[in-house]
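Presented below is the structure to which this report refers.
The values are calculated or read from the model by the stated rules, or taken from the named source; none is laboratory data. Fair warning: this is a prediction, and the values are worked out from it, not measured in the lab. Here Cβ is always computed from backbone atoms with ideal geometry, including for glycine, and neighbour counts include all displayed protein chains.
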């Protein structure tokens, strides 16, 4: 460079230009930051932090878990807890909170945070991205980065959330019983945590959510990688019309009742909580400002997580005795507790997660205590008085294992945060480019986020039924009469279910994009004229039934979808599974997609046979009653009553063969067991042969239908009987004669 300018006439000590009138000094590198004016010096950036971060390795995706030792003291009871809450002057400083962290580390982390107060958002984002390799992961194909944090934690903790186990390693989900994974997501709009769980579990999960109504509400329409139809928001008092404010005791109670009512009063297998709000300009006080939010998330977990279930919740700094006391109560109530910061969480912020495994029995007093503390916090809001302690300091310090764990956790997080903040500072001041590489080990495909493509129902139907003859769908059931009665001689081969309308096929393309077809090739798929939702890639055999509630003039009618059989569930082809298994999956599916909080939606139900096989079904009279129907002119009509006290006028009985020829089922009187028998090879076995399972198309075209029209007597109170038509006594006598 010197030789180049020398050729242009430059002489050392003289200025450039024809007459040496130009600048003699070296031009300094620009100190401009973003779009700020030249010459600006950022407040706080002119001092020294004396933090050496350059020798630090990047955090590994292969993280280790540091559980706190198991709590050996008993869960405190109501009498003890009543004396623990301490109310005093409201405290709005953090600098002196050195009970659970060294004074030097606390001072350094607060100093590091303060130097960014004058930095504008764009500068901060650029520096943060360049200083943290995991910033490049973003959300992959999920809604946001929160989904990746949940994937990160689920992986590190051996999938304890999406495949939960008890403390002895036994699965909490009994797949054999077709049990759903129930979970809850609170204070976590727009819903990245839930999108990840539903992506991982598909339709085998049911989620309940409560978050604050407003711009950060759940954005279910943006769930591209999972079916949001399996997730049900509920906003506390007022249900879907509530405000979702978790600090209101009425909302917590209402959400708890709703979740328990829809999980057989057991609660969810795990709860995720990711609450937070903007504390811009008060970052050092985030822990204090978020104290009630943290308490209410913990309280909700103790309210709706089932015994043996798990909990994950975002926290911030844990320097104050109030925060540490809350964690101590979780430590008492769960088998194990861990404070964990995933690599996908920005190392420069205060965010960390408390992971709780295995809720114990007997936590009711703690739950009631936290409920009472929350009421007190609401009473003291906007005053100079506050709840400062929920657990006395001497109790916390008296448990040496817990105390040591909290101090070590706090100091380790402080050290990581200080170095991360120093690194960001360096990247604001310097233009060095950091070349990064990281390995994603959370079993998440490296795919772009793309909105699901729309497809026409006919094309989607042919895509889903590959391998099945289209003519199968047009088969109508064989009428059951005195001539065809002989077909059900092998009584054990058959199952049955009550019909209330004509059979149709239902195709779900996601949300309310649902189409029906009657099975004839000449007919088209038409849009379903009901208000309901189904996950995409779902194909069902159904009836649209008019359900009734009450009798006489006050009787109300709604249209409901009754599932007869299932073919494809959210992309999962189940046609080759045994009929009993398909019915079990259908019941599970109904629980997953049901929206009990939405009375405005048409329900989806599973109308299962009363007791498993044709013989016991007939003996139990199918829940048949005589009821007054609005349009019947006061004359009682035959009605079938479901399990939720709704009834409908039955049209007949489907009788479905579940065993594939040449196999049949028989009964051994010697061993008193059912067995399978091959009529061609004479082979007999107690184990279910796979070739004996009748797939959907066999069950469908071999069906029989016993029509309950005029003159067919199936209930004792029915007077008229046509001797040419089969009555219940006729069918029952035949079955009893052939039942083993």
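Here are a few things to note about the model shown:
- Output for segment 690-720, where each listed residue is part of a loop (DSSP other than H, G, I, E, B) and surrounded by 12 or more Cβ atoms within 10 Å (Cβ to Cβ): 694, 695, 702, 703, 708, 711, 712, 713, 714, 715, 718
Table: residues versus (1) at pLDDT 90 or above; (2) in a strand (DSSP E or B).
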site: 462; (1), (2): yes, no
site: 468; (1), (2): no, no
site: 486; (1), (2): yes, no
site: 507; (1), (2): yes, yes
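- Test for residue 416: is it touching a strand residue (DSSP E or B) at 6+ places or on another chain (Cβ under 6 Å) and within 22 Å of residue 316 (Cα to Cα): no
- Within segment 190-211, if we keep just the residues that are part of a loop (DSSP other than H, G, I, E, B) and modelled with pLDDT under 95, the residue that is surrounded by the most Cβ atoms within 10 Å (Cβ to Cβ) turns out to be 191.
- Any hit, segment 227-237, residues being in the same structural domain as residue 177 (by TED's automatic domain parsing), at positive phi and modelled with pLDDT of 95 or more: yes
- Segment 536-560 residues that are on the phi > 0 side of the Ramachandran plot and touching a residue at least 60 places away in the same chain (Cβ under 8 Å), paired with ones that are outside any loop (DSSP other than H, G, I, E, B) and surrounded by fewer than 19 Cβ atoms within 10 Å (Cβ to Cβ) (beta carbon under 7 Å, 6 or more apart): 537/464; 552/628
- Among the residues of segment 276-290, the ones that are under 13 Å from residue 246 (Cβ atoms) and surrounded by fewer than 20 Cβ atoms within 10 Å (Cβ to Cβ) come to 2 in all.
- Restricting 378, 410, 394 to residues that are in contact with a strand residue (DSSP E or B) (Cβ under 9 Å, 6 or more places away or on another chain) and either surrounded by fewer than 22 Cβ atoms within 10 Å (Cβ to Cβ) or at pLDDT below 95 (or both) narrows the list to 410.
- Summed over segment 622-660, residues that are in contact (Cβ under 8 Å) with a residue 24 or more places away in the chain and touching a helix residue (DSSP H, G or I) at 6+ places or on another chain (Cβ under 8 Å) total 12.
- Qualifying residue in segment 579-597 (condition: over 26 Å from the mean Cα position of the chain (by Cα) and either under 26 Å from residue 454 (Cβ atoms) or crowded, with 19+ Cβ neighbours inside 10 Å (or both)): yes
Every residue, every condition in (1) part of a loop (DSSP other than H, G, I, E, B); (2) more than 33 Å from the chain's Cα centre (by Cα); (3) in the same structural domain as residue 317 (by TED's automatic domain parsing); (4) at pLDDT 90 or above, yes or no:
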{"residue": "87", "(1), (2), (3), (4)": "no, yes, yes, yes"}
{"residue": "108", "(1), (2), (3), (4)": "no, yes, no, no"}
{"residue": "111", "(1), (2), (3), (4)": "no, yes, no, no"}
{"residue": "123", "(1), (2), (3), (4)": "no, yes, no, no"}
{"residue": "127", "(1), (2), (3), (4)": "no, yes, no, no"}
{"residue": "134", "(1), (2), (3), (4)": "no, no, no, no"}
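- Scanning segment 595-608 for residues that are in contact (Cβ under 8 Å) with a residue 12 or more places away in the chain and in a loop (DSSP other than H, G, I, E, B) turns up 595, 596, 597, 598, 600, 601, 602, 603, 607, 608.
- Number of the condition not met by residue 519 [criteria: (1) in contact with a helix residue (DSSP H, G or I) (Cβ under 8 Å, 6 or more places away or on another chain); (2) assigned to a helix (DSSP H, G or I)]: (2)
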